[in-house]
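Heads up: the structure comes next, in structure tokens.
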Amino acid sequence: MYIYKVGVAGAGTMGAQIAEVVSFAGLPVVVADRNESLSRRGVDSVRAIYQARVAKGKMTPEQLEEKMLLVTASPTLDGLQEADLVIEAVSEELGLKQRVFQELDRICSRSAILASNTSALSISAIGSVTKRPGKVIGLHFFNPAYAMPLVEVIPGLGTDPQTVDDVVGFSESLRKQPVIVKECAGFLVNRLLSPYLNEAVWCLQDGDVSIKEIDQDMVSFGMPVGPFTLLDTVGLDIALDVARILHRSYGPRMAPAPLLEAFVKAGRIGIKTGKGFYDYGAVDKDGLDQHLARLRAQVWQLTGRQQMKWSRLRPLFAMVNEAVIALQEGVASARDIDLAMAAGTGFPSEKSGPLHLADHIGIDHVLQELEELQERVGPRFWPAPMLRRLVDAGFTGQTAGRGFFSYEPTSARMK
Ligand SMILES: NC(=O)c1ccc[n+]([C@@H]2O[C@H](COP(=O)([O-])OP(=O)(O)OC[C@H]3O[C@@H](n4cnc5c(N)ncnc54)[C@H](O)[C@@H]3O)[C@@H](O)[C@H]2O)c1
């Protein structure tokens with residue numbers, strides 16, 4: 001199915017970014033929110049994204065005006081009736097999304113695809129309230145959508161294979177990298193990123209290491225920013241919400257670090273409030289160091305203190321282990337897992353994603369390290385069973401020529 005016209009329902013942060021991406025690719029897009037002024041605000045945000053491109057010399061003012069001719073505002077969802085594909089980006093609340101999908105189901109033509117940009121809600125549950133579950137799908141863009149190449153395509157239980165193909169083709173026409181993900185809590189990227197970020201907080205909570213030292217070490221590993229800079233950018237409250245959702249679904253290995261909860265409770269939730277794991281100009285009677293010392297002491301009183309030397313392998317192996325569990329569950333292929341983590345989180349391209357990293361290090365070494373971490377840190381490092389199966393069969397990674405991927409016999413083990 002060719003998509004000639006797109007609708008965006010919900011003109012907030014993501015709705016505006018998605019409308020920009022669609023119009024940039026040359027397709028007309030109608031942006032609808034709850035009323036005229038909110039819809040117009042969305043169109044103004046699209047213009048502001050283009051204006052930033054003009055300011056950087058990446059586009060001329062004339063090109064901006066040409067693109068803006070493709071973007072129109074509708075005060076209600078009724079304006080989306082001609083769309084072949086509607087991308088819903090209203091607030092993250094299941095009841096609200098279900099109401100919006102019922103309305104879109106009534107308004108849009110029977111052939112139209114209805115996609116949700118939800119970060120964590122069930123696509124199957126959203127699709128179930130419509131008369132077209134076969135045409136309902138998850139299409140998860142990352143913030144900022146104009147810069148992030150990845151989109152997760154998530155079929156629900158009732159989604160038709162044709163809808164998946166259509167949405168993959170559409171995503172490619174936007175010059176995005178689509179990865180098909182089996183529906184599960186956190187989908188793929190957030191499911192793997194959350195334990196990595198959470199483990200960085202556990203490390204901060206446990207050890208004598210500072211926020212800056214952890215961030216610098218992960219950047220020297222090759223991450224685009226350190227975990228605490230990323231948490232401050234995303235918002236500690238949002239990261240905690242995601243961690244809680246994953247904890248509910250996957251159990252104790254995803255339990256949020258108590259220090260993360262303590263920071264959120266203390267109102268230090270990141271850049272948006274001027275203070276988080278770093279200070280961003282908010283006036284506060286205590287400095288960051290005093291806050292950290294106080295909150296750490298509070299947490300130690302409740303949970304005891306586990307004194308461990310900082311090792312970057314802790315957050316990295318939390319991600320690697322989850323990647324293997326996701327692979328076991330068939331959430332995505334090994335190639336797609338690595339591709340998604342590189343395109344969705346900036347996982348360093350020379351290490352090509354968590355599963356390639358395991359192959360480089362040696363799956364036998366990863367397994368041994370996880371067993372040690374499980375002994376010293378706790379059961380959240382329980383190794384994914386697939387690791388042992390691979391090791392027992394001699395699939396130990398790059399040096400052996402086979403692991404999660406196959407290698408030429410000459411490849412050397414990464415130092
Ligand atoms: N912000 C992110 O970083 C991010 C990243 C990926 C996915 N998401 C997901 O995208 C969705 C939107 O998030 P956001 O950050 O853009 O939220 P937002 O709060 O910035 O925007 C939500 C918009 O939805 C509108 N809205 C609410 N009810 C509506 C209705 N009945 N009809 C039409 N419009 C309605 C609101 O007026 C608002 O403009 C959520 O599902 C979120 O989980 C967010």
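Out of all the residues in the stretch 140-160, which are surrounded by fewer than 20 Cβ atoms within 10 Å (Cβ to Cβ) and in contact with a strand residue (DSSP E or B) (Cβ under 8 Å, 6 or more places away or on another chain)? Let's see the steps before the verdict.
Pass one, the stretch 140-160, residues surrounded by fewer than 20 Cβ atoms within 10 Å (Cβ to Cβ): 143-144, 146-149, 157-158, 160.
Selection gives MET148, PRO149, GLY158.
Within the stretch 305-345, the residues that satisfy the criterion of being surrounded by fewer than 18 Cβ atoms within 10 Å (Cβ to Cβ) and either within 16 Å of the chain's Cα centre (by Cα) or farther than 21 Å from ILE361 by Cα (or both) are ARG305, GLN306, GLN307, MET308, GLU329, GLY330. Among the residues of the stretch 200-231, those that are touching a Lys or Arg at 6+ places or on another chain (Cβ under 9 Å) and among the acidic types (Asp, Glu) comprise ASP206, ASP208, ASP217. Restricting VAL225, VAL264, VAL242 to residues that are of a type in the set (Val, Ile, Thr) and not in a helix (DSSP H, G or I) narrows the list to VAL225. When you scan the stretch 38-56, do you find a residue that is outside any helix (DSSP H, G or I) and either out of contact with any Ser or Thr (no Cβ under 9 Å at 6 or more places or on another chain) or assigned by TED's automatic domain parsing to the domain that holds TYR146 (or both), even just one? Looking for residues that are outside any helix (DSSP H, G or I) and either out of contact with any Ser or Thr (no Cβ under 9 Å at 6 or more places or on another chain) or assigned by TED's automatic domain parsing to the domain that holds TYR146 (or both), one finds at least one in the stretch 38-56, hence yes.
Just one of ALA11, ALA73, ALA83 is assigned to a loop (DSSP other than H, G, I, E, B), in the same structural domain as VAL164 (by TED's automatic domain parsing), touching a strand residue (DSSP E or B) at 6+ places or on another chain (Cβ under 6 Å) and more than 17 Å from VAL167 (Cβ to Cβ); which is it? Please lay out each step first, then the result.
Numbers: ALA73 fails: assigned to a loop (DSSP other than H, G, I, E, B); ALA83 fails: more than 17 Å from VAL167 (Cβ to Cβ).
Unique residue meeting the criteria: ALA11.
All conditions in (1) open to solvent by 20 Å² or more (accessible area, probe 1.4 Å); (2) in contact (Cβ under 8 Å) with a residue 60 or more places away in the chain; (3) outside the structural domain of LEU246 (by TED's automatic domain parsing); (4) away from the ligand (no atom under 12 Å from the Cβ) hold for TRP202, with the sole exception of (3).
Residue-wise test of (1) in contact with a Lys or Arg (Cβ under 7 Å, 6 or more places away or on another chain); (2) farther than 19 Å from ILE123 by Cβ.
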residue: TYR4; (1), (2): no, yes
residue: VAL22; (1), (2): no, yes
residue: GLY26; (1), (2): no, yes
residue: LEU38; (1), (2): no, yes
residue: VAL43; (1), (2): no, yes
residue: GLY57; (1), (2): no, yes
residue: MET68; (1), (2): yes, yes
residue: SER91; (1), (2): no, no
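If a residue must be polar (S, T, N, Q) and away from the ligand (no atom under 16 Å from the Cβ), how many such residues does the stretch 20-66 contain? Can you show your working first?
Kept after step one, since they are polar (S, T, N, Q), are these residues of the stretch 20-66: 23, 35, 37, 39, 45, 51, 60, 63.
Retained after the next criterion (residues that are away from the ligand (no atom under 16 Å from the Cβ)): 23, 51, 60, 63.
Summing the residues that are polar (S, T, N, Q) and away from the ligand (no atom under 16 Å from the Cβ) in the stretch 20-66 gives 4.
If only residues of the stretch 89-121 that are near the ligand (Cβ under 8 Å from one of its atoms) and in contact (Cβ under 8 Å) with a residue 60 or more places away in the chain are counted, the one that is surrounded by the fewest Cβ atoms within 10 Å (Cβ to Cβ) is SER91.
The values are calculated or read from the model by the stated rules, or taken from the named source; none is laboratory data. Just so it is clear, the structure is predicted and the values come from calculations on it, not from any experiment. For neighbour counting, all protein chains shown are included, and Cβ atoms are generated from backbone atoms with ideal geometry for every residue, glycine included. Ligands, DNA and RNA are excluded from the accessible area calculation, which covers all protein heavy atoms including side chains. Shrake-Rupley method; radii C 1.70, N 1.55, O 1.52, S 1.80 Å.
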